[in-house]
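**Student:** Can you keep this structure in mind? I'll have questions shortly.
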Amino acid sequence: MRALPLTVGLLLLALPARADSYEEHDYILNCSGCHRMDGRGSRTVPSLLDMAELRGKPGTREYWVQVPGAAQAPLTDARLAALLNWLVKRFTGQSPNPAYTDEEVRRLRRTPTRDPLAARAKIRDAKVR
Ligand code: HEC
(Lines give C-alpha, C1' and ligand atoms only; values in the text may rest on other atoms or scores of the structure.)
Protein backbone atom coordinates (compact mmCIF):
# COMPACT_ATOMS: atom_id res chain seq x y z
CA MET A 1 0.00 0.00 0.00
CA ARG A 2 3.03 2.24 -0.08
CA ALA A 3 2.09 3.04 -3.62
CA LEU A 4 -1.13 4.77 -2.56
CA PRO A 5 0.31 8.04 -1.18
CA LEU A 6 2.59 8.19 -4.19
CA THR A 7 -0.33 7.77 -6.54
CA VAL A 8 -2.36 10.41 -4.74
CA GLY A 9 0.62 12.76 -4.78
CA LEU A 10 1.16 12.26 -8.48
CA LEU A 11 -2.52 12.87 -9.17
CA LEU A 12 -2.38 16.12 -7.18
CA LEU A 13 0.72 17.17 -9.09
CA ALA A 14 -1.10 16.45 -12.33
CA LEU A 15 -4.09 18.60 -11.46
CA PRO A 16 -2.73 22.05 -12.32
CA ALA A 17 -1.64 20.77 -15.70
CA ARG A 18 -5.21 19.82 -16.55
CA ALA A 19 -6.13 23.33 -15.87
CA ASP A 20 -8.62 23.91 -16.87
CA SER A 21 -10.06 26.59 -18.57
CA TYR A 22 -11.68 26.67 -21.96
CA GLU A 23 -9.36 29.60 -22.63
CA GLU A 24 -6.23 27.58 -22.09
CA HIS A 25 -7.51 24.76 -24.25
CA ASP A 26 -8.52 27.20 -26.97
CA TYR A 27 -5.00 28.63 -26.85
CA ILE A 28 -3.42 25.19 -27.07
CA LEU A 29 -5.63 24.08 -29.95
CA ASN A 30 -5.79 27.29 -32.00
CA CYS A 31 -2.73 29.38 -31.19
CA SER A 32 0.13 27.36 -29.73
CA GLY A 33 0.94 25.67 -33.06
CA CYS A 34 2.46 28.97 -34.17
CA HIS A 35 2.98 30.86 -30.92
CA ARG A 36 4.22 27.77 -29.03
CA MET A 37 3.00 26.74 -25.61
CA ASP A 38 5.10 29.39 -23.88
CA GLY A 39 4.16 32.17 -26.32
CA ARG A 40 7.73 32.70 -27.51
CA GLY A 41 6.90 31.96 -31.13
CA SER A 42 9.57 31.11 -33.66
CA ARG A 43 11.74 32.67 -36.34
CA THR A 44 8.61 33.64 -38.29
CA VAL A 45 6.12 34.22 -35.44
CA PRO A 46 6.80 37.08 -33.03
CA SER A 47 6.83 36.46 -29.29
CA LEU A 48 3.66 37.18 -27.36
CA LEU A 49 5.89 38.18 -24.46
CA ASP A 50 6.40 41.46 -26.35
CA MET A 51 2.68 42.28 -26.13
CA ALA A 52 3.40 44.25 -22.96
CA GLU A 53 5.19 46.98 -24.94
CA LEU A 54 1.89 47.81 -26.69
CA ARG A 55 -0.25 47.94 -23.56
CA GLY A 56 -2.34 51.08 -23.20
CA LYS A 57 -1.26 52.56 -26.54
CA PRO A 58 -3.94 53.90 -28.86
CA GLY A 59 -5.00 51.18 -31.30
CA THR A 60 -3.61 48.25 -29.31
CA ARG A 61 -6.96 47.01 -28.08
CA GLU A 62 -8.31 46.82 -31.63
CA TYR A 63 -5.06 45.41 -33.05
CA TRP A 64 -5.07 42.44 -30.68
CA VAL A 65 -8.50 41.42 -31.99
CA GLN A 66 -7.86 42.30 -35.64
CA VAL A 67 -4.52 40.51 -35.98
CA PRO A 68 -5.36 37.66 -38.42
CA GLY A 69 -4.46 34.78 -36.09
CA ALA A 70 -7.07 36.04 -33.61
CA ALA A 71 -9.72 37.57 -35.90
CA GLN A 72 -9.84 34.57 -38.21
CA ALA A 73 -9.64 31.86 -35.55
CA PRO A 74 -12.44 29.27 -35.75
CA LEU A 75 -13.92 30.40 -32.44
CA THR A 76 -17.20 32.11 -31.59
CA ASP A 77 -17.09 35.79 -30.64
CA ALA A 78 -17.67 34.89 -26.99
CA ARG A 79 -14.89 32.29 -26.96
CA LEU A 80 -12.45 34.63 -28.72
CA ALA A 81 -13.29 37.42 -26.25
CA ALA A 82 -12.65 35.06 -23.34
CA LEU A 83 -9.44 33.80 -24.94
CA LEU A 84 -8.12 37.34 -25.51
CA ASN A 85 -8.92 38.34 -21.92
CA TRP A 86 -6.96 35.30 -20.77
CA LEU A 87 -4.14 35.89 -23.28
CA VAL A 88 -3.59 39.55 -22.43
CA LYS A 89 -3.48 38.74 -18.72
CA ARG A 90 -1.11 35.86 -19.28
CA PHE A 91 1.36 37.68 -21.51
CA THR A 92 1.23 41.24 -20.17
CA GLY A 93 0.44 40.51 -16.53
CA GLN A 94 -2.68 42.67 -16.55
CA SER A 95 -6.23 41.94 -17.66
CA PRO A 96 -7.69 44.20 -20.34
CA ASN A 97 -9.73 46.93 -18.72
CA PRO A 98 -12.56 46.83 -19.52
CA ALA A 99 -12.61 43.16 -20.48
CA TYR A 100 -13.29 42.32 -24.12
CA THR A 101 -16.95 41.46 -24.71
CA ASP A 102 -18.40 39.32 -27.48
CA GLU A 103 -20.07 42.41 -29.01
CA GLU A 104 -16.76 44.27 -29.25
CA VAL A 105 -14.98 41.25 -30.70
CA ARG A 106 -17.78 40.65 -33.24
CA ARG A 107 -17.48 44.23 -34.48
CA LEU A 108 -13.68 44.32 -34.66
CA ARG A 109 -12.97 40.92 -36.17
CA ARG A 110 -15.06 41.71 -39.26
CA THR A 111 -12.10 43.75 -40.52
CA PRO A 112 -8.87 41.85 -39.86
CA THR A 113 -5.69 43.86 -40.21
CA ARG A 114 -4.20 43.40 -43.68
CA ASP A 115 -0.66 44.39 -42.77
CA PRO A 116 -0.25 43.44 -39.12
CA LEU A 117 3.47 44.12 -38.83
CA ALA A 118 3.08 47.67 -40.18
CA ALA A 119 0.04 48.24 -37.95
CA ARG A 120 2.03 47.03 -34.96
CA ALA A 121 5.02 49.24 -35.71
CA LYS A 122 2.75 52.25 -36.07
CA ILE A 123 1.10 51.60 -32.70
CA ARG A 124 4.42 50.96 -30.98
CA ASP A 125 6.14 54.05 -32.34
CA ALA A 126 3.23 56.50 -32.00
CA LYS A 127 4.06 59.50 -29.88
CA VAL A 128 1.66 59.68 -26.96
CA ARG A 129 1.05 63.31 -26.22
C1 HEC B 1 -0.64 30.23 -38.49
C2 HEC B 1 0.15 30.83 -37.40
C3 HEC B 1 -0.60 31.57 -36.32
C4 HEC B 1 -1.66 31.13 -35.57
C5 HEC B 1 -2.37 29.79 -35.64
C6 HEC B 1 -1.96 32.19 -34.63
N7 HEC B 1 -1.12 33.24 -34.81
FE8 HEC B 1 -1.11 34.96 -33.73
N9 HEC B 1 0.37 35.68 -34.90
C10 HEC B 1 0.96 35.00 -35.94
C11 HEC B 1 1.87 35.92 -36.64
C12 HEC B 1 2.73 35.55 -37.84
C13 HEC B 1 1.80 37.14 -35.96
C14 HEC B 1 2.50 38.44 -36.34
C15 HEC B 1 1.51 39.31 -37.11
C16 HEC B 1 1.14 38.68 -38.43
O17 HEC B 1 2.00 38.62 -39.35
O18 HEC B 1 -0.03 38.22 -38.56
C19 HEC B 1 0.85 36.95 -34.87
C20 HEC B 1 0.53 37.94 -33.97
C21 HEC B 1 -0.39 37.80 -32.94
C22 HEC B 1 -0.72 38.83 -31.98
C23 HEC B 1 -0.09 40.20 -31.87
C24 HEC B 1 0.92 40.26 -30.74
C25 HEC B 1 1.65 41.59 -30.75
O26 HEC B 1 1.90 42.11 -29.67
O27 HEC B 1 2.00 42.06 -31.81
C28 HEC B 1 -1.70 38.35 -31.19
C29 HEC B 1 -2.39 39.06 -30.02
C30 HEC B 1 -1.99 37.02 -31.65
N31 HEC B 1 -1.17 36.70 -32.73
C32 HEC B 1 -2.93 36.21 -31.10
C33 HEC B 1 -3.24 34.95 -31.59
C34 HEC B 1 -4.29 34.14 -31.04
C35 HEC B 1 -5.19 34.53 -29.88
C36 HEC B 1 -4.30 32.99 -31.75
C37 HEC B 1 -5.19 31.79 -31.57
C38 HEC B 1 -6.63 32.03 -31.58
C39 HEC B 1 -3.27 33.10 -32.77
N40 HEC B 1 -2.64 34.30 -32.63
C41 HEC B 1 -2.98 32.12 -33.70
C42 HEC B 1 0.74 33.69 -36.30
C43 HEC B 1 -0.27 32.90 -35.82
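**Student:** What FRET efficiency would be calculated for the residue pair Thr76, Thr111, taking the C-beta separation as r and a Förster radius of 22 Å, to the nearest 0.05?
**Tutor:** Plugging the Cβ-Cβ distance into 1/(1 + (r/R0)^6) gives 0.75.
**Student:** Taking 35 Å as R0, compute the FRET efficiency from the Cβ-Cβ separation of Leu29 and Lys127 and round it to 0.05.
**Tutor:** My answer for the efficiency is 0.35.
**Student:** At q = 0.26 Å⁻¹, what log₁₀ I(q)/I(0) does a Debye calculation on the Cα points of segment 80-129 give, no solvent, two decimals?
**Tutor:** -1.06
**Student:** A further question on this structure: Going 7 Å from the Cα of Ala52 in the Cα-to-Cβ direction, what parts of segment 65-94 have a backbone nitrogen less than 14 Å from that spot?
**Tutor:** Taking a point 7 Å out along Cα→Cβ of Ala52, the residues of segment 65-94 whose backbone N falls under 14 Å are 88-94.
**Student:** So what does Asp77 come to for accessible area, using a 1.4 Å probe and Å² rounded to 10?
**Tutor:** Approximately 30 Å² of Asp77 is accessible to the 1.4 Å probe.
**Student:** Would you kindly work out the equivalent ellipsoid of segment 10-129 from its C-alpha gyration tensor and give its semi-axes, the square roots of five times the eigenvalues, largest first in whole Å?
**Tutor:** Working through the eigenvalues yields semi-axes of 25, 16, 14 Å.
**Student:** Please give me, ordered by residue number, the trypsin sites (Lys or Arg not before Pro) of segment 16-118 that lie in loop per DSSP and have at most 12 other Cβ atoms within 10 Å.
**Tutor:** Passing sites in segment 16-118 are Arg43, Arg110, Arg114.
The values are calculated or read from the model by the stated rules, or taken from the named source; none is laboratory data. In this text the structure is predicted, and so the values were computed from the model without any measurement. Heads up, the Cβs are rebuilt from the backbone with ideal geometry, glycines too, and the neighbour counts pull from every protein chain shown. SASA here: full protein model, heavy atoms, side chains in, ligands and nucleic acids out. Shrake-Rupley method; radii C 1.70, N 1.55, O 1.52, S 1.80 Å.
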